[in-house]
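Following: one structure in structure tokens, then a few remarks.
Bear in mind that the values in this text are calculations on the coordinates, not laboratory data. The shown structure was predicted, so the numbers you read here are calculated from the model rather than taken from an experiment. Here the Cβ is made from the backbone with ideal geometry for all residues, glycine too, and neighbour counts use every protein chain on show.
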Amino acid sequence: MPKASLRVMNAEKRGSCSACQRVDPLPFDFTMAFQPIVDAEEHRVYAYEALVRGTNREPAHSILSQVGGENIYAFDQKCRVRAIEMASALGMPDLDASVSINFLPGAVYRPETCIRATLEAAARVNFPLNRIIFEVTENEQVRDPRHLKDIFQEYRKHGLATAIDDFGSGHSGLQLLEEFHPDVLKLDRCIIDHVDRKRSAQLVVAATLEVCETLGTKVIAEGIERQEEASVLRDLGVRYMQGYLFAHPGFETLTEPSYPAFMAA
């Protein structure tokens with residue numbers, strides 16, 4: 001029997017949504033860093049991406065390497081709740097910015113049930129649902145597209161936004177847009193890296209922007225490290241950008257981005 005089916009069966013045995021909140025404790029602790037996603041036109045923060053970190057500033061890999069098997073569900077649920085609680089405590093709602101949270105589709109057994117802890121956390125700290133974005137990587141989601149579509153549909157019912165991260169790192173191409181209609185699409189670093197020197201990458205960005213404009217999907221270019229990359233992307237029509245050029249992730253804080261001189265209003 002496929003692993004996904006076994007996961008669903010196990011989740012159904014758990015019963016009601018209250019079981020989703022009674023997750024086993026993790027054998028490790030973690031916290032969050034937040035990296036801004038900027039609106040390059042308005043010079044403001046559009047969103048902060050919540051990134052897992054160890055409590056002593058260990059990188060994400062040190063935490064993610066401990067996730068799998070029996071604790072993936074507990075980790076995914078606690079990541080959501082912690083990101084929302086920290087974002088609220090740091091004053092993100094007052095900044096008119098969204099929080100972008102990575103999630104693992106394989107840890108979502110039943111979309112209508114597994115979302116409950118997220119909704120309750122948002123209500124508890126007064127975080128607007130329409131300013132929560134759930135993003136999944138292209139490589140992760142294609143393993144079970146039907147399951148991801150169900151997740152996206154359930155999230156939209158509650159006003160949550162959805163995003164496909166690392167777009168361009170896999171081999172699914174633009175058909176992902178037609179199938180899932182995400183609210184946000186994040187162009188992978190493999191496309192952005194030295195885009196100023198790669199005509200083919202510029203054509204890919206331009207084509208993606210054209211399709212996304214028709215579908216009403218925002219495009220974020222991530223992994224921007226050089227001014228030359230940002231300049232070309234701006235000329236191509238990319239409005240939302242993320243990367244070290246603007247700000248590094250802030251450990252348990254909301255970093256204020258800086259903008260290159262050529263972006264001055």
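For the pair residue 89 and residue 236, how long in nm is the line joining their label points, each one 7 Å along Cα→Cβ?
Distance between label points: 3.9 nm.
Report, in degrees rounded to the nearest 10, the 0 to 90 angle that the Cα long axis of helix 199-215 makes with the longest principal axis of the chain.
60 degrees
Charges at C-beta only: +1 for Lys and Arg, -1 for Asp and Glu. How large is the resulting dipole of region 3-255 about its Cα centre, in Debye rounded to 20?
That gives region 3-255 a dipole magnitude of about 700 debye.
Does anyone have the angle between helix 3-14 and the longest principal axis of the chain? Alpha-carbon axes, 0 to 90°, nearest 10?
Orientation of helix 3-14: about 50 degrees from the principal axis.
What ³J(HN,Hα) values, in whole Hz, does the Karplus curve 6.51 cos²θ - 1.76 cosθ + 1.60 give for region 182-190 when θ = phi - 60°, with x put for Gly and Pro?
My calculation for region 182-190 gives x, 6, 9, 10, 10, 6, 5, 4, 5 Hz in order.
Say a site is exposed when it is one of the chymotrypsin sites (Phe, Trp or Tyr not before Pro), sits in a DSSP loop, and has at most 16 other Cβ atoms within 10 Å; what is then the longest site-free stretch of the chain?
Between the exposed loop sites, the longest stretch runs 29-243.
Counting pairs on different chains as well as pairs 8 or more places apart, how many Lys pairs in region 3-255 have Cα atoms under 20 Å apart?
Summing the qualifying lysine pairs gives 8.
Compute a Gaussian network model of the chain, connecting alpha carbons closer than 10 Å, and tell me which residue from 100, 231, 200 fluctuates the most.
200
Rounded to two decimals, what is the ratio between the C-alpha radius of gyration of region 82-145 and 2.2 N^0.38 Å?
Against the empirical 2.2 N^0.38 Å value, I get 1.20 for region 82-145.
Please state, rounded to one decimal and in Å, the Kirkwood hydrodynamic radius that the chain gives when every pair of distinct Cα atoms enters the mean of 1/r.
19.1 Å
Given the -39500 (n - 2.57) contribution per DSSP H run of 4+ residues, what per-residue ellipticity at 222 nm results for the chain, rounded to the nearest 500 deg cm²/dmol?
Result for the chain, helices only: -11000 deg cm²/dmol.
Choose one of 221, 54, 201: the residue whose Cα lies farthest towards the positive end of the charge dipole of region 3-255 (beta-carbon charges +1 Lys, Arg; -1 Asp, Glu; about the Cα centre).
Checking the options against the dipole of region 3-255, the answer is 54.
Looking at the chain, which longest stretch skips every one of the trypsin sites (Lys or Arg not before Pro) that is in a DSSP loop with at most 11 other Cβ atoms within 10 Å, leaving the sites themselves out?
58-265
Over the Cα atoms of region 182-265, how large are the radius of gyration and the largest Cα-Cα distance (Dmax), in Å?
In Å, with Rg to one decimal and Dmax whole: 12.9, 38.
Relative to the Cα centre, what is the charge dipole magnitude of region 51-106, using +1 at the beta carbon of each Lys and Arg, -1 at the beta carbon of each Asp and Glu, and rounding to the nearest 20 debye?
The dipole of region 51-106 has a size of about 140 debye.
Counting pairs of alpha carbon atoms under 8 Å apart in space and at least six apart in sequence, what relative contact order in percent does the chain give?
20 percent
Please work out whether region 46-154 counts as rounded, prolate or oblate from its C-alpha gyration tensor, where a ≥ b ≥ c are the square roots of the eigenvalues and a/c under 1.5 means rounded, while otherwise a/b larger than b/c means prolate and anything else oblate?
Oblate is the answer for region 46-154, as a/c is 1.5 or above yet b/c matches or exceeds a/b.
What residue among 112, 210, 222 shows peak mean-square fluctuation when the chain is described by a Gaussian network model with Cα springs under 10 Å?
Maximum fluctuation in the GNM of the chain, among the listed residues, is at 210.
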